[in-house]
Every structure is written in structure tokens, then in C-alpha cells.
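Here's the structure, in C-alpha cells; my notes come after.
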Amino acid sequence: MKRIVLLLAIVAMMLAPLAAFAADGAAVYKAKCATCHGADGKGETSIGKSMKLKSLASADVQKTTDADLTKVISDGKGKMPAYKGKLSADEIKALVAFIHTLK
């Protein structure tokens with residue numbers, strides 16, 4: 001019984017940083033992306049509609065690799081600004097992970 005409790009405690013300690021990492025991605029998204037892409041990522045904001053943004057929840061976006069999403073966020077695409085130099089590599093990585101939760 002003590003081993004199970006110890007094992008569960010160890011697993012919880014290992015997962016805690018992952019939860020914090022995802023929370024950072026949500027905070028970055030809210031601060032930098034939600035204005036255009038919307039809180040749910042569907043792009044149904046006035047800016048999103050005028051720019052005809054693709055929903056981040058769409059199958060096309062969700063199947064995009066982490067490397068490709070990182071490139072778009074870093075370098076920008078179309079009217080989307082580049083965030084290289086504005087966001088750290090860790091923030092971009094967290095943002096990519098958060099985008100994948102918008103399924």
C-alpha cells in the first residue's frame with residue numbers, strides 16, 4: 001500500500017510541470033492570439049472573419065506538425081505577424097501544445 005501511495009505521489013510530481021506548461025500556452029494564446037483567432041480558436045471574431053482565418057480546431061490545422069506550427073508562429077504567415085523575438089522558444093512550444101488542445 002505504501003508503495004502505491006509513493007508511486008502515485010511520484011507520478012503526480014512528474015505531471016505537475018506538464019499541467020503548468022499547458023497553462024502557460026493558454027495564457028500566451030489569450031494574450032497574443034485570441035483577439036484574432038477567438039477564445040475557442042475558431043476565428044469567429046470580427047478580425048478573424050475579415051481575414052478569413054481557418055479554425056485552429058479544424059482537422060487541417062490539428063494535423064499540422066509541431067514543427068510547421070512553430071514555423072508559422074515564429075515567422076508569421078500572410079497577415080499574421082511573426083512572433084520570433086516577441087515570444088521565447090518555450091512560449092512558442094507551449095502555444096503549439098495549446099493549439100493542439102483546441103480540437
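Sort region 47-103 into rounded, prolate or oblate with this rule: let a ≥ b ≥ c be the square roots of the eigenvalues of the Cα gyration tensor; rounded if a/c is under 1.5, and if a/c is not under 1.5, prolate when a/b is larger than b/c, oblate otherwise.
On the way: a/c = 1.92, a/b = 1.14, b/c = 1.68.
Oblate.
Any idea how far apart Asp66 and Asp40 come out in nm if each label point goes 7 Å out from Cα toward Cβ?
Here the modelled spin labels are 2.8 nm apart.
No lab work stands behind these numbers, since they all come straight from the coordinates. Computed from a predicted structure; not experimentally measured. Cβ: placed from backbone, ideal geometry, glycine included. Neighbour counts: every protein chain shown.
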